[in-house]
Amino acid sequence: MDEEPERAKRWEGGYERTWEVLKEDESGSLKATVEEILYQSKRKRVTQSHAQVRLGMMRHLYVVIDCSRSMEDQDLKPNRLTSTLKLMEGFIDEYFDQNPISQVGIITTKNKRAEKLTELAGNPKKHIAALKKAVDSSCVGEPSLYNSLRLAIQTLKHMPGHTSREILIILSSLTTCDPANICELIKTLKSLKVRVSVIGLSAEVRVCTVLTRETGGSYHVILDESHFKELLMHHVKPPPASFSSESSLIRMGFPQHTVTSLSDQDVKPSFSMSHLDSGGGPALTLGGYFCPQCQAKYTELPVECKVCGLTLVSAPHLARSFHHLFPLQAFIESPADNYQQNKFCQACQGQLKDKNVLACPLCCSVFCGECDLFIHESLHCCPCCIHNRTAT
Amino acid sequence: FRLNIEGLLVYFPYDYIYPEQYSYMLELKRTLDAKGHGVLEMPSGTGKTISLLSLIVAYQRAFPLDVTKLIYCSRTVPEIEKVVEELRKLMEFYAKETGEVNNFLALSLSSRKNLCIHPEIIHANIVVYSYHYLLDPKIADLVSKELAKKSVVVFDEAHNIDNVCIDSMSVNITRRTLDRCQNNVDTLQNTIHKIKETDAAKLREEYRRLVEGLKEANVARETDIYLANPVLPDEVLQEAVPGSIRTAEHFVGFLRRFLEYLKARLRVQHVVQESAPQFLKDIFDKVCIDRKPLRFCAERLQSLLRTLEIADIADFSAVTLISNFATLVSTYSQGFTIIIEPFEDRTPTIANPVLHFSCMDPSIAIKPVFQRFQSVVITSGTLSPLDIYPRILDFRPVTMASFTMTLARTCLCPLIVGRGNDQVALSSKFETREDFAVIRNYGNLLLEMSAVVPDGIVAFFTSYVYMENIVASWYEQGILENIQKNKLIFIETQDAAETSMALEKYQEACENGRGAILLSVARGKFTILARLEYLRDQFQIRENDFLTFDAMRHAAQCVGRAIRGKTDYGLMIFADKRYARSDKRGKLPRWIQEHINDGSLNLTVDEAVQLSKHFLRQMAQPFRQEDQLGLSLLTLEQLQSEEMLQKISQMAHQT
């Protein structure tokens, strides 16, 4: 354990090593270590997500970020707030990458109040800019779960029934300062079918357990920064749609990007609709996406047309959502002894050291645990199957 | 499912069983087989109640001649209701499994509203009621007198049983008691006068009966039909009622004299402590009351009340109390002490004299129980050290065992904090109580903990006075204000209504996420010095041992509340450097002790905070029932595997 690189400030890391000592003590007894349980749940998550379910592809998600005093805690480096905001940027990117036809809004809560950092919108750039700006804000007072949820509901309740309504709370504080009884609000949330999930940064809080259980969300508490990231990325995947949610046909426009050559004298540069409210930036452009219904011009997709309300997407966007509906089959876990001839993982080419290995049910290639997770969570296709297909 | 415990078929109404439940039942069965008494400790939340019930019911069915009745005593009404609930589940399971309508009659006496009159008790197979029905001589006489000898008596939550015994035998007399007693005596006299005019024969009949003595009762005791009443000593039964109190008028006059004497005694300016013989000598010198009539006082009053056909006995509680006191004080020359105090502890300026007739020997009250019933089982989550209970209660157990919790994850985290961040030793011992640095360090500990522990924290103090002092100085130091940024603060007071309000609000604050701290007192009653002396003389228990035992059992009881089941988790912080010493630590229950390792001894506040943070994060990770299966939760097949049985037998810790 002393192999860690010397830190500039030793005292910052001093306590972390006492944790490691504690872990060693636990392993001596007959109890399974928490890590083992964690690994099991990780595996379970992969297998679980492969049941045939309807997924809510159009998501409306509000992320509530706790900005209370406890966010100044330095157990995440450099502090909780900075670390959280950085991870959130990654989350927003990933979220729109995987859910191109969904929207996100960000709420911050501090000093017993809740404020909207960004409105519910489908443009990642705006959110990321806002997050970058928020790094410098000060963390004061207590958060208010009630006020943040209330604020989120105000917008979410007007969202159409076929879309999902979700709230994700990043909660660092162990206390919440509420103006009214939160149990009533939980009932309201339940009746509005808003799913609330919480990621706790310090410990399990009873009210969050109740809140998530009642609304069908998930509740996790982070162990460290990498675990935090993992939990956050878990929320990138669309949740299964509840059976009671409406199904309806959605009108969508697939505008083609029209590029007009500069040589064409008739064309005049025009404003994009999305620049109208944001101001700034290069406003006048020549080409763009034109809404097939009202001919309003946009420079970026996906977007909801400001004039006629049509959802404008590009075909690749929908295609990217495809793997959620037809996920890669779970690999079969079996003891390494069964695969004596395959000593190496087919993906990373590393030696198979784990007790158990995983095999693709179609091509029977063998993978290690880490690669299995990577394939299922990021690649969404078996590399060996594709290789075989191209070879033949 | 069905279990086979050393040849006994036990129906267990749940699909899964904890390994410690299995070994608990095993020990219990051995106790019953030996027809002896047992002391069993098993952590709360591991299903003691259902293990007890299912085994004993099975035993009753298998050997209906050996065990006829189960008497289950618990402490409070909610606990009794819980027992009944479990019992109902068990009975439903029986009906489902065996298909026959069972003829088990179970009876619960919890509160006045479902009080039952005794003929039914005789026929019931299972009786569930409060300790007092068995231990308090006044009530036991009414309710439990005729319980069969072949009963199994279980005292659940018995960690305080010695105090219950002592309380049930102790008498407190105030001026108010005496005034009410005076009224009672007046009423008695009037009634006697009236009866004399209308029905003198009745009084004559009573007189005749008293001459013959209490033969009936004596016969009953010798033939072993009744549970012995410690207020009714053997000598009383063999002799006739002395002449001086035989007639009703004389007896009333006697009571008056006794009353006047007590009134005179209550006029004291300073605390008086004397033994029973001293008291008797004094009463003889002053008002010429002999020991003998005093001894018959209780019985004589009962007889009079019966003769006068007074329906509402409750009105005569004061005079009954006084006569019981008279009998006790003249019967037991040892084991009791009389303390007369001019004021109460809380109001040292207002004269409110109290005569405490306190029992120092818990074995007096419980002796008849041990003598009468073939098996008495004492059980609780916290009974350590086990050997002290047989000593103070004066009985010889055939089994003593302590079981631990088998856990799939380490869900309790006892930490012993011995120093503040400034390295000043943290201790509530008397010499350093007033020390500014110590108080500040305690405050810091609570402040830091309030920032890392979610929802609720309960902090226990050793006494109200100590708590008040500390809270006052925390207020001055601004610590309270800082704590309130993290959690609300509730304080237990001596006022019951206030406290229950505080408790309710505390719970609410924990539920809705605000978070709360409850400042509470672990030991409301302080041990009387006299009791210590008595213990030393009688049972060879050193004062220090008993004090340590008493302190540690309170501590264990406090922290034991953190865990109510296997999916719960809790931090236990012992904030006193003395806990780190092995002689103190060794007195904690085994299930707590085994989680204290060298890394959690003598920590500073900062270290404790870091450990807690880590622990809470680990515990917040998802944990499902499947994770427990096979380790701490067993199905029938798993239980039957050879390997598991071996493991279990190793686990049972014989002392």
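Worth pointing out:
For (1) in contact with a Cys (Cβ under 8 Å, 6 or more places away or on another chain); (2) modelled with pLDDT of 80 or more; (3) not in a strand (DSSP E or B), each residue gets a yes or a no:
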site	(1), (2), (3)
B:Ala240	no, no, yes
B:Asp282	no, yes, yes
B:Cys297	no, yes, yes
B:Arg300	no, yes, yes
B:Arg306	no, no, yes
B:Glu309	no, no, yes
B:Ile322	yes, yes, yes
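- Candidates B:Pro78, B:Pro43 - the one that is of a type outside the set (Phe, Trp, Tyr), modelled with pLDDT of 75 or more and in contact with a Gly (Cβ under 8 Å, 6 or more places away or on another chain): B:Pro43
Each row is one residue, and each column tells you yes or no for (1) at pLDDT 80 or above; (2) within 24 Å of A:Glu230 (Cβ to Cβ); (3) out of contact with any His (no Cβ under 9 Å at 6 or more places or on another chain); (4) not aliphatic (A, V, I, L, M).
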position: A:Cys345; (1), (2), (3), (4): yes, yes, yes, yes
position: A:Cys382; (1), (2), (3), (4): yes, yes, yes, yes
position: A:Asn388; (1), (2), (3), (4): yes, no, yes, yes
position: A:Thr392; (1), (2), (3), (4): no, no, yes, yes
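- Extreme residue, nearest to B:Ala451 (Cα to Cα), among residues of the range B:486-518 that are in a loop (DSSP other than H, G, I, E, B) and within 14 Å of another protein chain (Cβ to nearest Cβ): B:Lys487
- Complete set of residues in the range B:365-382 that are of a type in the set (A, V, I, L, M) and either surrounded by fewer than 22 Cβ atoms within 10 Å (Cβ to Cβ) or in contact with a Leu (Cβ under 9 Å, 6 or more places away or on another chain) (or both): B:Ala365, B:Ile366, B:Val369, B:Val377, B:Ile378
- Residue satisfying all of: in the range B:447-465; surrounded by 15 or more Cβ atoms within 10 Å (Cβ to Cβ) and in a helix (DSSP H, G or I); modelled with the lowest pLDDT among these: B:Tyr464
- The one condition from (1) at pLDDT 80 or above; (2) closer than 30 Å to B:Arg585 by Cβ; (3) buried (at least 20 other Cβ atoms within 10 Å of the Cβ) that B:Asn512 does not meet is (2).
- Any hit, the range A:195-205, residues being in the same structural domain as A:Gly90 (by the TED database), without any contact (Cβ under 8 Å) to a residue 40 or more places away in the chain, outside any helix (DSSP H, G or I) and touching a Ser or Thr at 6+ places or on another chain (Cβ under 6 Å): yes
- Hits in the range A:162-181 - residues which are within 17 Å of A:Gly216 (Cβ to Cβ) and out of contact with any Ser or Thr (no Cβ under 6 Å at 6 or more places or on another chain): A:Thr163, A:Ser164, A:Arg165, A:Glu166, A:Ile167, A:Ile169
- Output for the range A:212-229, where each listed residue is surrounded by 17 or more Cβ atoms within 10 Å (Cβ to Cβ) and within 25 Å of B:Lys613 (Cα to Cα): A:Thr212, A:Gly217, A:Ser218, A:Tyr219, A:His220, A:Val221, A:Ile222, A:Leu223, A:Phe228
Per-residue answers, yes or no, for (1) away from every other protein chain (no Cβ under 11 Å); (2) under 30 Å from A:Val198 (Cβ atoms); (3) at pLDDT below 85:
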| residue | (1), (2), (3) |
| --- | --- |
| B:Tyr579 | yes, no, yes |
| B:Asn597 | no, no, yes |
| B:Leu601 | yes, no, yes |
| B:Glu607 | no, yes, no |
| B:Leu616 | no, yes, no |
| B:Phe623 | no, yes, yes |
| B:Glu642 | yes, no, yes |
| B:Gln646 | yes, no, yes |
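- The residues of the range A:201-218 that are among the basic types (Lys, Arg) and within 16 Å of A:Asn181 (Cβ to Cβ) amount to a single one, A:Arg206.
- Evaluation of A:Ile153 against (1) closer than 25 Å to A:His227 by Cα; (2) among the aliphatic types (A, V, I, L, M); (3) more than 14 Å from chain B (Cβ to nearest Cβ) (one fails), failing number: (1)
Residue-by-condition table, conditions (1) over 28 Å from B:Leu55 (Cα atoms); (2) at pLDDT below 85:
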position	(1), (2)
B:Phe357	yes, yes
B:Pro362	yes, yes
B:Val376	no, no
B:Asp387	no, yes
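- If you go through the range B:477-508 and keep only what is out of contact with any helix residue (DSSP H, G or I) (no Cβ under 6 Å at 6 or more places or on another chain) and charged (D, E, K, R), you end up with B:Glu481, B:Lys485, B:Asp495, B:Glu498, B:Glu504, B:Lys505, B:Glu508.
Conditions tested, residue by residue: (1) part of a helix (DSSP H, G or I); (2) of a type in the set (Phe, Trp, Tyr); (3) on the phi > 0 side of the Ramachandran plot.
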position: B:Ser363; (1), (2), (3): yes, no, no
position: B:Phe370; (1), (2), (3): yes, yes, no
position: B:Leu386; (1), (2), (3): no, no, no
position: B:Tyr389; (1), (2), (3): yes, yes, no
position: B:Leu445; (1), (2), (3): yes, no, no
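- Exclusive hit being within 14 Å of chain A (Cβ to nearest Cβ), touching a residue at least 60 places away in the same chain (Cβ under 8 Å), in contact with a helix residue (DSSP H, G or I) (Cβ under 8 Å, 6 or more places away or on another chain) and within 20 Å of B:His159 (Cβ to Cβ), set B:Thr404, B:Thr410: B:Thr404
- Enumeration of residues in the range B:333-351 that are at pLDDT below 80 and either surrounded by 16 or more Cβ atoms within 10 Å (Cβ to Cβ) or hydrophobic (A, V, I, L, M, F, W, C) (or both): B:Gly335, B:Glu341, B:Pro342, B:Phe343, B:Ile350, B:Ala351
- Positions within the range B:444-473 being within 31 Å of the chain's Cα centre (by Cα) and within 14 Å of chain A (Cβ to nearest Cβ), in sequence order: B:Asp455, B:Gly456, B:Ile457
- Scanning the range A:128-162 for residues being in a loop (DSSP other than H, G, I, E, B) and more than 22 Å from A:Val198 (Cβ to Cβ) gives a total of 7.
- Checking A:Thr118 against (1) of a type in the set (Ser, Thr, Tyr); (2) part of a helix (DSSP H, G or I); (3) within 21 Å of A:Glu304 (Cβ to Cβ); (4) free of Cβ contacts under 8 Å to residues at least 60 places away in the same chain, the condition it does not meet: (2)
- Of the residues examined, A:Pro302 is not one that is at pLDDT 70 or above, surrounded by fewer than 20 Cβ atoms within 10 Å (Cβ to Cβ) and not acidic (Asp, Glu).
- B:Phe279 crowded, with 16+ Cβ neighbours inside 10 Å and within 30 Å of B:Lys202 (Cα to Cα): no
- Unique match (being surrounded by 22 or more Cβ atoms within 10 Å (Cβ to Cβ), away from chain B (no Cβ under 14 Å) and within 19 Å of B:Arg617 (Cβ to Cβ)) among A:Leu232, A:Leu201: A:Leu232
The values are calculated or read from the model by the stated rules, or taken from the named source; none is laboratory data. Note that the structure is predicted; figures quoted are calculated from it, not measured. Cβ sites come from the backbone with ideal geometry, for glycine too, and all protein chains shown count toward neighbours.
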